[in-house]
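Worksheet: one structure, shown below.
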Amino acid sequence: QIQIYRAAQKDTEMISAVTELNDSNFREFYVNGDRLVVLSEVYYSDSSTEASVYDISDRSKPKLLDSFCQSGNYVSSRMIGDTLYLVSDYYAYNDDDLPETRSKNATPDEVPVNCTYSVETPADSRFLVVSSVDTQNGAKALSTKSILGSADDVYCNQDYLYVNATEYETQDYNRVINSFASYYTPTNV
């Protein structure tokens, strides 16, 4: 759980706690004004990364506003102003596995083909999934991109998000990569 304390020197006390995190693997959180953004890994039909946005204008009563979820294990995130940039790593086990996104209690949507790219020589069938999420108005996805390739490190400034991945010896493409290669155009990311 995440506990909120009122800092008052020797009279510091806990005033509330966010306890709905029991079924997820908590990763990190951000506080931006009256918003608490909690990032965790959850399991629906596969591993997913979830951003839950709470209204904490009344610190004694945190209220869940909305949540956004994308396919893959949590890699990293950045928060610039009210926008959260969420990065996950999704492994496609089958030819028809594509990364998905969903809002709270909604039906998952595949990342559209025109928002999916490939590095020039992907080593396996992993997707890097990057979403920008408006946290001031709940957890509304502004944009999601997926890239056939993986991620190790992330750097972000006001204008760009950079992703680094370790390149190993080229492996033979498996059937999943061959299937994706027919749909997606290589791009430098």
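The values are calculated or read from the model by the stated rules, or taken from the named source; none is laboratory data. This structure is a prediction, so every number in the text was calculated from the model and none was measured. For neighbour counting, all protein chains shown are included, and Cβ atoms are generated from backbone atoms with ideal geometry for every residue, glycine included. The area values use the complete protein model at the heavy-atom level, side chains included, leaving out ligands, DNA and RNA. Shrake-Rupley method; radii C 1.70, N 1.55, O 1.52, S 1.80 Å.
When I2, I15 are compared by accessible surface with a 1.4 Å probe, the order from highest to lowest is I15, I2.
What shape does the stretch 74-127 have by the C-alpha gyration tensor, where a ≥ b ≥ c are the square roots of the eigenvalues, rounded means a/c under 1.5, and otherwise prolate means a/b greater than b/c and oblate the rest?
On the way: a/c = 2.02, a/b = 1.31, b/c = 1.54.
Verdict is oblate for the stretch 74-127.
When the Kirkwood hydrodynamic radius is evaluated over all pairs of different C-alpha atoms of the chain, what value in angstrom, to one decimal, is obtained? Here the Kirkwood hydrodynamic radius works out to 17.6 Å.
Approximating the spin labels as points 7 Å out from Cα along Cα→Cβ, the R78-to-Y5 distance works out to 3.1 nm.
Accessible surface of L142, taken over heavy atoms with a 1.4 Å probe and every protein chain present, rounds to 110 Å².
Model label points for V113 and T12, set 7 angstrom from Cα along the Cα-to-Cβ axis, are 5.6 nm apart.
Mind checking which of A17, A92, A139 has the largest fluctuation in a GNM of the chain, springs on alpha carbons under 10 Å? Between A17, A92, A139, it is A17 that shows the largest mean-square fluctuation.
Taking 22 Å as R0, compute the FRET efficiency from the Cβ-Cβ separation of Y44 and K140 and round it to 0.05. Intermediate values should be presented prior to the final figure.
Working: r = 20 Å, r/R0 = 0.89.
The formula returns an efficiency of 0.65 here.
Sequence-ordered 3J(HN,Hα) estimates for the stretch 121-126 from the Karplus curve with 6.51, -1.76 and 1.60 and θ = phi - 60° stand at 9, x, 7, 7, 9, 9 Hz, glycine and proline given as x. Taken one residue at a time, the phi angles of the stretch 78-90 give Karplus couplings (6.51, -1.76, 1.60, θ = phi - 60°) of 9, 10, 10, x, 8, 9, 9, 10, 10, 10, 9, 10, 10 Hz. Gly and Pro are set to x.
If you roll a 1.4 angstrom probe over the protein chains with everything in place, what fraction of the accessible area of the chain belongs to carbon and sulfur, to the nearest %?
Values: 4660 of 10820 Å².
Solvent-exposed carbon and sulfur of the chain make up 43 percent of the total.
Using mean Cβ contacts within 10 Å as the protection proxy, how do 69-77, 103-111 order, highest first?
Details: 69-77: 22.9, 103-111: 13.3.
Descending mean neighbour count gives 69-77, 103-111.
Put +1 on the Cβ of every Lys and Arg and -1 on every Asp and Glu Cβ in the chain; which of V129, Y91, Y117 then has its Cα farthest towards the positive end of the dipole? Final value for the positive-end residue is V129.
Heavy-atom accessible area for L64, with the other protein chains in place and a 1.4 Å probe, reaches approximately 60 Å².
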